[in-house]
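Engineer: Got a structure here, written out as structure tokens. Questions coming.
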Amino acid sequence: MRNLEDIAWITQAAIFHNRAAFGRLVEKYQAQVRRFFLSQTLGNTQLSDDLAQDTFVKAYLNISRFRGEASFSTWLFRIAYNVYYDHVKTQHPTDSLETPAVMGRSGRDTDSGLQMDLALLTDAERTCVVLQLMEGQSIDHITMVTGMREGTVKSHLSRGKKKMADYLRHNGYDRQ
């Protein structure tokens, strides 16, 4: 039923340029997209809001290209991933999503242990971990969003989870 609502809103936005229908999609998905960016930017709310806005603008401008081969949320997260990747490239042209914690190098204090944990990860590891553990996405969904192969996603998840577990273990969060 929820996909039918999405399809109806997408159709209204794509064919009739109905901004209110697209607004319904924004309302439905903005918290997820913003949470994704907050994790990627290690809690930088201003940057997260800017990236989320860019994502929804690009989605609106390209809504007629949505083919329905994947869910709207997968298509939207692919746009979000590309917006973030483009941001990283413009801020650090020699870096890629494979370099360690590009956003974490600013020297800015982080407010939570989770953000500190996420700062230990490469951007690719952080993307995969956030999508799986925080957004509840399957590996198949992550491969569609990132364009990475399944084995690559699994490797990033494994390394990312291990780094986070090691960090927690070394900082007194042993399981008992």
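Engineer: Using amide H atoms built in the peptide plane, which far-off residues or other-chain residues are under 5 Å from Thr122 H to H?
Structural biologist: Amide H neighbours of Thr122, under 5 Å, 5+ apart: Ala101.
Engineer: Can you put Glu125, Glu5 in order of accessible area, largest first, using a 1.4 Å probe?
Structural biologist: Solvent-accessible surface, decreasing: Glu5, Glu125.
Engineer: Moving on. How much accessible surface does Ile7 have with a 1.4 Å probe, in Å² rounded to 10?
Structural biologist: Its accessible surface works out to 90 Å², give or take rounding.
Engineer: Test of understanding: given the chain, find the longest segment containing no trypsin sites (Lys or Arg not before Pro) that are in a DSSP loop and have at most 10 other Cβ atoms within 10 Å.
Structural biologist: Here the longest run is 68-148.
Engineer: Another question, if that's okay. Considering only protein heavy atoms, with the full assembly of protein chains and a 1.4 angstrom probe, order Leu38, Leu4 by accessible area, largest first.
Structural biologist: Accessible-area ranking of Leu38, Leu4, largest first: Leu4, Leu38.
Engineer: The list [x] 36; [y] 19; [z] 5 gives values of percent of Cα pairs over 31 Å apart, and only one came from this structure; which label was calculated from it?
Structural biologist: The calculated read-out lines up with [y].
Engineer: What accessible area, in Å² to the nearest ten, does a 1.4 Å probe give for Ser64?
Structural biologist: Looks like 90 Å² after rounding.
Engineer: So if R0 is 25 Å, what FRET efficiency would Glu69 and Phe16 give, r being the distance between their Cβ atoms, rounded to the nearest 0.05?
Structural biologist: 0.65
Engineer: Taking the Cβ-Cβ separation of Leu4 and Arg169 as r and a Förster radius of 30 Å, what is the calculated FRET efficiency to the nearest 0.05?
Structural biologist: 0.05
The values are calculated or read from the model by the stated rules, or taken from the named source; none is laboratory data. Predicted model, so just to flag it, every value in this text is computed and none were measured. Because the Cβ atoms are built from the backbone with ideal geometry, glycine has one as well, and the counts that use them run over all protein chains shown. Quick note on the areas: whole protein, heavy atoms, side chains included, nothing else; ligands and nucleic acids left out. Shrake-Rupley method; radii C 1.70, N 1.55, O 1.52, S 1.80 Å.
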